[in-house]
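The values are calculated or read from the model by the stated rules, or taken from the named source; none is laboratory data. Since we're looking at a predicted model, the values are computed, not measured. Quick reminder, even Gly has a Cβ in these numbers, built from the backbone with ideal geometry, and neighbours come from all protein chains shown. Surface areas here come from the heavy atoms of the whole protein model, side chains and all, with no ligands, DNA or RNA. Shrake-Rupley method; radii C 1.70, N 1.55, O 1.52, S 1.80 Å.
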Amino acid sequence: MKVLIIEDEEEMLQNMKQTLEKECYLVETATDYDSAFLKIGVYEYDCILLDISLPGQNGLEILKELKKRGISDGVIIVSAKNSLDDKLEGLHLGADDYLPKPFHMAELNARIKAIFRRRNLKGNTFIQIENLKIDIENRIAFIEGEELLLNRKEFDILFYLTSNRNRLVNKTALAEHVWGDHIDQTDSFDFIYSQIKNLRKKLKDHQAQVEVKAIYGIGYKLVSL
Amino acid sequence: MKLLNYTTKYFAAILLFALLIFTVIFYFQMLDEIYDSLDDGLENQKILVINKAKKDPSILHKTSFEDGYYTIHPTSYSQIKEVKDSYRDTLMYMLNEKDYEPVRLLETAFRQDGKYYKLKVITSMVEEDDLIEDLFYSILWLYIGLVVGILLLNNWVLRRLWQPFYSVLTKLKNFNIEKEQGIDFENTNIEEFQLLNHQIKKLLQKSIDSYKAQKQFIENASHELQTPLAISLNKLELLAEKEELSPKNIELLASVLENLERMTRLNQALLLLSKIDNKQFVEEENLNITETIHQIVNDFLDFAKHRNIEISIVGKNLIQKHINKDLAIILFTNLIKNAIVHATLNSIVKISIEGEKINIENIAETGKLDEQQLFSRFYKVNTRKNSTGLGLAIAKAIAEKYDLKLTYAYQNKHIFTVSF
């Protein structure tokens with residue numbers, strides 16, 4: 001999988017690059033639109049992360065250019081502006097997703113995976129980890145072919161954790177992803193714990209070869225046993 | 001008291017005082033003049049009587065007034081040598097009035113043919129009580145007339161004169177710095193008002209400028225903070241994934257992450273506030289508020305359950321409003337979340353939808369909250385670790401943007417009401 005990151009903030013660029021390289025993607029970078037255009041012209045990418053607020057330039061122009069050239073790379077707009085207008089226009093111009101800064105690495109990861117899945121929809125809509133199999137389209141999880149009965153939240157948690165397999169998922173990222181952005185100011189995320197507990201129990205009861213590991217104070221991680 | 005009535009009040013008091021003094025002086029001067037002319041008349045009559053007596057000595061024995069205006073009594077020299085012309089007031093029975101009325105009397109003496117006579121001449125006189133009464137009534141009417149006149153004059157002339165002042169006053173009263181509209185001043189020829197308008201204009205412009213600058217600053221600062229915050233958060237997340245970290249270090253990292261996230265939330269809340277202030281939420285749709293509330297409550301069910309709090313929604317009244325959807329969600333999310341967060345454990349958060357009103361009630365240990373402070377930025381009842389202190393300020397800003405009324409009341413429980 002090839003990913004291009006267009007971002008002028010060097011440190012931000014490195015963070016994203018490191019994260020994505022952990023997922024074994026081939027990552028290319030560009031810090032301005034000219035070099036980005038050069039790269040887009042030469043290679044085909046599965047996903048482009050585009051910061052639309054580079055100084056002095058309008059990132060939406062790149063989207064228009066891509067559309068004009070008939071390139072259908074999956075584009076995720078990354079912006080510190082979190083402006084609804086940009087979001088709507090970006091999506092209108094053919095971007096696949098809009099991710100406001102600051103974001104959690106787990107969220108970035110999940111969004112990129114979603115783009116990959118959408119682009120390769122013909123084949124694989126299943127995720128298999130050890131003996132756990134997830135049917136993404138029908139939102140069903142199986143263990144050894146036997147259905148795991150999960151409620152909506154439990155499924156969302158499991159799916160999010162599998163998207164970030166072997167990676168530490170911040171509990172804030174998890175809460176925002178599963179319960180929505182507006183949950184973020186609640187006093188604590190302890191309430192996530194009861195859902196995790198149920199999920200763990202179900203996984204264990206079905207002798208899954210994966211488990212949800214808690215990393216004290218930070219979050220959770222899906223690991224193979 | 002209004003400026004106009006104030007001047008009238010002073011005028012009335014001063015007039016009353018001035019008129020009183022005037023009346024007293026006027027009364028005595030008039031009386032003095034009347035006596036003077038009466039006495040002149042009496043003296044003239046005295047001379048006439050004496051001259052008549054010389055021609056017609058028969059009148060020398062007219063000892064009672066009867067139909068005349070004088071009496072003459074023969075007397076001896078010893079009795080009159082001390083007598084000079086003396087004027088005095090006395091009473092006399094008047095047939096027409098059937099009462100004793102005051103008369104002016106001149107007593108004098110004269111000599112004719114070696115004999116001495118005492119002469120009394122009278123003339124009818126002003127009735128003082130009548131005079132005072134008449135004077136009192138005319139002065140009273142004058143006073144009333146003047147006061148009414150002043151009132152009318154004040155109301156008409158002064159009002160016209162002060163019109164530019166009142167116009168500025170009304171405009172200042174309606175001025176709202178958040179609406180970013182300046183004030184158009186009326187042209188006036190009065191120098192003082194020109195100066196006043198000019199100075200107010202200058203002050204207002206200064207306030208508006210600094211308000212704008214402050215708003216701009218908050219927005220820029222929050223905006224600029226986003227990137228370093230994002231970088232730091234992501235770096236820490238990457239660090240946390242490293243296997244070699246000891247549990248102790250992970251704990252440290254967790255705390256740093258938590259605080260950075262708190263800062264991010266604070267920053268985002270500020271950014272949101274300045275966006276609302278700057279009217280950056282343009283999109284509006286006809287939103288079903290009732291349904292939105294049900295959805296929000298649904299999102300918070302897990303959280304409420306964790307605190308063992310029941311959320312009950314009463315009333316199915318359909319409320320629709322033309323509003324930005326995101327802001328509507330933020331408004332009710334903040335209120336409902338607040339209610340859940342601050343509710344006592346194992347209690348009920350009640351949301352009632354009645355008519356055009358939505359009440360959100362929760363029971364809490366804290367007593368009545370300070371209504372003045374409640375909706376201001378960074379107001380915190382207790383130093384909750386994760387509270388930004390901006391939730392209610394944001395809710396208020398949204399409510400104001402859409403002319404909704406967001407109010408707080410305390411009846412052994414906290415009640416927040418949004419009226420459409």
Give, in nm to one decimal, the length gained when the segment between B:Arg377 and B:Ser58 is fully stretched (0.36 nm per residue of separation minus the Cα-Cα distance). 103.4 nm
Local electrostatic count, B:Tyr166, Cβ distance below 11 Å [Lys/Arg +1, Asp/Glu -1]: +4
Which of the lysines could a cross-linker span from B:Lys350 if the Cα-Cα distance has to be under 21 Å and same-chain partners fewer than 8 positions apart are dropped? B:Lys305, B:Lys316, B:Lys337, B:Lys368, B:Lys396, B:Lys405, B:Lys413
Once ligands and nucleic acids are excluded and a 1.4 Å probe is used, how much of B:Glu354 is accessible, expressed in Å² to the nearest 10? 100
Specify the angular offset, from 0 to 90 degrees and rounded to the nearest 10, of the alpha carbon long axis of helix B:3-55 from the longest principal axis of the alpha carbons in chain B. 0
Whole-Å semi-axes of the ellipsoid equivalent to the range A:125-199 (Cα gyration tensor, √5λ, descending): 24, 12, 11
Area of B:Ile363 that stays accessible when all protein chains are in place (1.4 Å probe, Å², to 10): 80
Rg from C-alpha atoms of the protein assembly as shown, normalised by the globular rule of thumb 2.2 N^0.38 Å, equals 1.94
Residue order for B:His61, B:His322, B:His342 - accessible surface, 1.4 angstrom probe, largest first: B:His61, B:His322, B:His342
From other protein chains only, count the Cβ atoms within 10 Å of every residue's Cβ in B:339-347, then give the mean. 1
What does the highest-first list of B:390-402, B:211-223, B:113-125 look like by mean Cβ count within 10 Å? B:390-402, B:113-125, B:211-223
Protection proxy ranking, peptides A:89-99, B:268-278, B:331-341, average beta carbon neighbours within 10 Å, highest first: B:331-341, B:268-278, A:89-99
P(r) for the range B:174-280, please, calculated from all Cα pair distances in 5 Å bins and given in %. 2, 10, 14, 13, 10, 9, 8, 7, 6, 5, 4, 4, 3, 2, 1, 1, 0
Compute the semi-axes of the equivalent ellipsoid of the range B:285-419, taking the square root of 5 times each eigenvalue of the Cα gyration tensor, and list them largest first in whole Å. 21, 18, 14
Gain on full stretching of the segment that runs from B:Asn155 to B:Asn220 - 0.36 nm per residue minus C-alpha separation: 18.1 nm
Taking just the alpha carbons, could you work out the radius of gyration and Dmax for chain A, both in angstroms? 18.6, 57
Please enumerate, by chain and number, the lysines with C-alpha under 24 Å from the C-alpha of B:Lys81, excluding those fewer than 8 residues away in the same chain. B:Lys46, B:Lys52, B:Lys54, B:Lys62, B:Lys115, B:Lys118, B:Lys120
If every Lys and Arg gets +1 and every Asp and Glu gets -1 at its Cβ, then about the Cα centre the range B:285-419 yields a dipole, in debye to the nearest 20, of 340
For labels at B:Leu16 and A:Lys22 in the simple 7 Å Cα→Cβ model, what's the distance in nm? 8.9
In whole percent, how big is the carbon plus sulfur part of the accessible area of the protein assembly as shown, probe 1.4 Å, protein atoms only? 53
Under the rule a/c < 1.5 gives rounded, and otherwise a/b versus b/c splits prolate from oblate, where does the range A:2-120 land using the Cα gyration tensor? rounded
Efficiency of FRET between A:Ser35 and B:Lys305 - r from beta-carbon atoms, R0 51 angstrom, step 0.05: 0.50
Against the rule of thumb 2.2 N^0.38 Å, how large the Cα Rg of the range B:3-148 comes out: 1.56
Residue-by-residue Karplus 3J(HN,Hα) for the range B:270-283, coefficients 6.51, -1.76, 1.60, Hz, glycine and proline x: 4, 4, 4, 4, 6, 5, 5, 4, 8, 6, 8, 9, 9, 3
Cut-off 15 Å between beta-carbons: net charge of the residues surrounding B:Lys357, Lys and Arg +1, Asp and Glu -1: 0
Fraction of the pair-distance distribution of chain B above 29 Å, Cα-Cα pairs, percent: 71
Averaged across the residues of B:301-308, what count of C-beta atoms belonging to other chains lies within 10 Å of each residue's C-beta? 5
First measure r as the distance between the Cβ atoms of B:Thr366 and A:Arg165, then evaluate 1/(1 + (r/R0)^6) with R0 = 56 Å and state the FRET efficiency to the nearest 0.05. 0.80
Probe radius 1.4 Å, ligands and nucleic acids left out: can you give me the accessible area buried at the A-B interface, summed over both chains, in Å² to the nearest hundred? 3800
XL table A:Lys39/A:Lys81; A:Lys2/A:Lys171; A:Lys153/B:Lys235; B:Lys173/B:Lys201; B:Lys212/B:Lys380; A:Lys39/B:Lys235; Cα-Cα > 20 Å flagged, in table order, is A:Lys39/A:Lys81; A:Lys2/A:Lys171; A:Lys153/B:Lys235; B:Lys212/B:Lys380; A:Lys39/B:Lys235
I want to check the label-to-label distance for B:Leu318 and A:Asn120. Put each point 7 Å from Cα in the C-beta direction and report it in nm to one decimal. 4.8
Other-chain or far-sequence residues with amide H under 5 Å of B:Tyr116's (modelled H): B:Thr75
Residues B:Tyr27 and B:Asp85, FRET efficiency given R0 of 25 Å [Cβ-Cβ distance, rounded to 0.05]: 0.45
Any idea what angle helix B:191-240 forms with the longest principal axis of chain B, computed on alpha-carbon atoms, 0 to 90 degrees, nearest 10? 20
Let me have the relative contact order for chain B, percent, based on Cα pairs under 8 Å that are six or more residues apart. 9
Roughly speaking, what is the stretch gain from B:Asp184 to B:Leu169, that is 0.36 nm per residue apart minus the C-alpha to C-alpha distance, in nm to one decimal? 4.2 nm
Toward the positive end of the charge dipole of the range A:126-224, about the Cα centre and with charges on Cβ (Lys, Arg +1; Asp, Glu -1), which of A:Asn198, A:Ala214, A:Asn151 goes farthest? A:Ala214
